[in-house]
Amino acid sequence: MKKRYDIEILGQELAVLSDAEDEQVANVVRYVNDKMEDILRTNDGLRTVDVAILAALNITEDFLKLKGVNEDLCDQLQKRSETLIQLIENAS
């Protein structure tokens, strides 16, 4: 069941609905705020919408990198599993 959270992103208060646990929502809010604050530190004078877009791009880049790492690890695990299964079948 979705729960309502009142959050603050870069000084903007928002109400969001989420199935996630309180701690997970807090972690997401912290991560987004950190990304946006990093952008503001290095690019003074940007409009809030520009900061949000740049943060979205940076977060997406992080996500896609991790997704690629995850896919590589899954492929390696699959290959090793197949090798182990073959070794077990050959030993029988």
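Using a Debye calculation, one point per C-alpha and no hydration shell, please list log10 I(q)/I(0) for the chain at q = 0.10, 0.22, 0.26 Å⁻¹ in order. Those come out to -0.47, -1.10, -1.23, one per q. Relative to the longest principal axis of the Cα atoms of the chain, helix 22-42 runs at roughly 60 degrees. Only helices enter the 222 nm calculation for the chain: every DSSP H run of n ≥ 4 contributes -39,500 (n - 2.57), and dividing by all residues gives -25500 deg cm²/dmol, rounded to 500.
Fully extending the segment from Leu57 to Ala91 would add 7.2 nm, taking 0.36 nm per residue of separation and subtracting the current Cα-Cα distance. Tell me which lysines have Cα within less than 25 Å of Lys67's Cα, excluding those fewer than 8 residues away on the same chain? Cα-Cα hits under 25 Å: Lys35, Lys79. Extension gain for the segment Leu84 to Asp50, taken as residue separation times 0.36 nm less the Cα-Cα distance, is 7.2 nm to one decimal.
Relative to the dominant Cα principal axis of the chain, helix 48-91 is inclined by about 10°. Straightening the chain between Met1 and Lys65 buys 20.0 nm, computed as 0.36 nm per residue apart minus the Cα-Cα spacing.
Coordinate-derived values only; no laboratory data. Treat the numbers as computed from the prediction; the structure is a model and nothing was measured.
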